[in-house]
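To start, the structure itself, in structure tokens.
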Amino acid sequence: MSPRSVSRPSSWPLLYLAVALTTSASLLLELALTRIFSVVFYYHIAFLAISIALFGLGVGGVLSYVIAPGGRIYRKLGTVSLINSALALLAVFFVLTRGAEVGTVELALIYFTTALPFIGSGIVVSLAISETIEN
């Protein structure tokens with residue numbers, strides 16, 4: 001049996017669309033954070049957004065290993081996606097309410113708060129990839 005003759009479940013196009021929308025939203029959030037950081041903070045802090053995105057996606061991939069065992073994968077993906085959308089709004093709101101002069105502790109708090117949506121995106125993408133590889 002060739003790999004092309006294996007039939008895909010009918011829900012896979014929706015899964016691919018969900019992954020495309022999630023990764024697009026993550027990229028847009030990263031670009032928005034880069035612009036916000038360059039305006040609210042100094043321009044050299046703007047590159048911190050790339051570090052935040054890479055950190056969050058990596059942690060999300062690791063956490064998906066904990067979330068993945070058993071259960072209904074599509075329910076998990078929907079729940080994490082819904083939480084992730086709220087976290088994205090929270091992260092942008094949190095950054096915009098900070099002043100230009102931030103200390104080390106507040107900068108660390110900004111870093112971890114803005115990493116939360118990327119952690120959610122990493123979980124969604126990792127769960128979706130693991131589901132399509134297994135089937």
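Quick notes on this structure:
- From its DSSP helices (H runs of at least four residues, each -39,500 (n - 2.57)), the chain gives a residue-normalised ellipticity at 222 nm of -27500 deg cm²/dmol.
- Placing dummy labels 7 Å off each Cα toward the beta-carbon, the span from Ser130 to Leu82 is 2.1 nm.
- Furthest towards positive pole of dipole, Gly103, Ile73, Ile119, structure part the chain, Cβ charges: Ile73
- Whole-percent carbon and sulfur share, accessible surface of the chain, 1.4 Å: 72 percent
- Summary value for the chain: 38 percent relative contact order, contacts being C-alpha pairs under 8 angstrom separated by 6+ residues.
- A 1.4 Å probe run over the protein chains yields, for the chain, 63 Å² of accessible area per residue, whole-number rounding.
- The alpha carbon convex hull volume per residue for the chain rounds to 110 Å³.
- Förster radius 22 Å - calculated FRET efficiency between Tyr43 and Ala108 (Cβ-Cβ, nearest 0.05): 0.65
The values are calculated or read from the model by the stated rules, or taken from the named source; none is laboratory data. For clarity, every value in this text was computed on a predicted model and none was experimentally measured. Using ideal geometry, Cβ is built from the backbone for each residue, glycine included, and neighbour counts are taken over all protein chains shown. The area values use the complete protein model at the heavy-atom level, side chains included, leaving out ligands, DNA and RNA. Shrake-Rupley method; radii C 1.70, N 1.55, O 1.52, S 1.80 Å.
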